[in-house]
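Trainee: Encoded as structure tokens, here's the structure I'll be asking about.
The values are calculated or read from the model by the stated rules, or taken from the named source; none is laboratory data. In this text, all values refer to a predicted model and were calculated from it rather than measured experimentally. Note that each Cβ is placed from the backbone with ideal geometry, even for glycine, and that neighbours are counted across all protein chains shown.
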């Protein structure tokens, strides 16, 4: 069921409160049943769910100072979408990482094809070799209908986005600022092209300026959106290594491109290979590990997913095996309706039964 304007605005309000991270956010939703009820809760009710001390003070101050309905109206006029955990277009892979962002701010669109995405990242001080390798990898991914994710930074990130657009593919940029604040500024035109054929995504609200502390945090979103992370070039302290570390923690595949043992831009990637990352000698190595041959088949099957919001709701909640009772509890739907829908979805090949009354989505 689509969120009402008022409920979405309440999500915006809660997300503005310092000290309300994913864990507390989920606790508030579970306790009060909706963001609106949580946003309107009394101090005593908030204390009962662990919002105390400084967090409570921040909550009450934010509620006095912020008009989330006005913000939501303002952002919608600017073409900025507020995407929550409850929305069907919240990226499913990201939704299932530990402490996924409750709210994303998006310019452009996330579509089902983007569920098959690979991140291509690297140093800002890219070499000619790094640029050439990036273009070859991205061209290969686009040929296999895989979306390219990166961070819009100078160097490898920018080359990855450019190569995807040149090849006619989709690309997603994850920002360390609000979706309306482009950094570096010279990538403003590139960002507009990405928005037109992909999406700009951030978990920072519109108007948030870039900050050094934002970029390591946004790297977990880059890896969380992706099947795998490819590090093309990286120095010893490159942010791309942070992305690779998040990818490993999230169970994603990590690939690293080898380079000269004398080049500063190769020291990070060589260390990743030494630590067990896949050695990427040629783009075809991606296909062998990720079985990219099946991506078009999966995407074609996804096209059979109807617009019926109830079926989509079940499918999005079955990214991991789930018992029917748990599925009912998670979605709020009656068991008779869930059982009937699952039978139809199994016939369509959208879900499969993996145990007694336990189902999982077919991807």
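Trainee: For segment 1-40, give me every one of the helices (runs of 4 or more DSSP H) that falls completely inside it and has 1 or more residues that are modelled with pLDDT of 95 or more and within 22 Å of residue 74 (Cβ to Cβ).
Mentor: Where helices (runs of 4 or more DSSP H) fall fully within segment 1-40 and carry at least 1 residues being modelled with pLDDT of 95 or more and within 22 Å of residue 74 (Cβ to Cβ), they are 5-15, 35-40.
Trainee: Same structure again: Output the residue which, of all residues in segment 337-361 that are assigned to a loop (DSSP other than H, G, I, E, B) and in contact with a helix residue (DSSP H, G or I) (Cβ under 7 Å, 6 or more places away or on another chain), is nearest to residue 311 (Cα to Cα).
Mentor: 350
Trainee: While we're on this one: Report yes if residue 255 is at pLDDT 95 or above and within 16 Å of the chain's Cα centre (by Cα), otherwise no.
Mentor: When the stated conditions are applied, residue 255 does not pass them.
Trainee: How many residues, within segment 301-328, are at pLDDT 90 or above and loosely packed, with under 15 Cβ neighbours inside 10 Å?
Mentor: 3
Trainee: Here's a follow-up. Could you list, in sequence order, the residues of segment 306-346 that are touching a strand residue (DSSP E or B) at 6+ places or on another chain (Cβ under 8 Å) and within 19 Å of residue 33 (Cβ to Cβ)?
Mentor: Within segment 306-346, 327, 330 meet the criteria.
Trainee: Within segment 131-154, how many residues turn out to be within 18 Å of residue 242 (Cβ to Cβ) and in contact (Cβ under 8 Å) with a residue 60 or more places away in the chain?
Mentor: 4
Trainee: One residue is enough: does segment 61-78 have a residue meeting the conditions touching a residue at least 24 places away in the same chain (Cβ under 8 Å), part of a loop (DSSP other than H, G, I, E, B) and either farther than 24 Å from residue 42 by Cα or under 23 Å from the mean Cα position of the chain (by Cα) (or both)?
Mentor: Checking segment 61-78: at least one residue is touching a residue at least 24 places away in the same chain (Cβ under 8 Å), part of a loop (DSSP other than H, G, I, E, B) and either farther than 24 Å from residue 42 by Cα or under 23 Å from the mean Cα position of the chain (by Cα) (or both).
Quick grid of which residues meet (1) closer than 27 Å to residue 142 by Cα; (2) in the same structural domain as residue 237 (by TED's automatic domain parsing); (3) in contact (Cβ under 8 Å) with a residue 60 or more places away in the chain:
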{"position": "179", "(1), (2), (3)": "yes, yes, yes"}
{"position": "183", "(1), (2), (3)": "yes, yes, no"}
{"position": "193", "(1), (2), (3)": "yes, yes, no"}
{"position": "200", "(1), (2), (3)": "yes, yes, yes"}
{"position": "207", "(1), (2), (3)": "no, yes, no"}
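Trainee: Same structure again: Test residue 104 against the criterion of being surrounded by 15 or more Cβ atoms within 10 Å (Cβ to Cβ), without any contact (Cβ under 8 Å) to a residue 24 or more places away in the chain and in contact with a helix residue (DSSP H, G or I) (Cβ under 9 Å, 6 or more places away or on another chain), and give yes or no.
Mentor: No, not satisfied.
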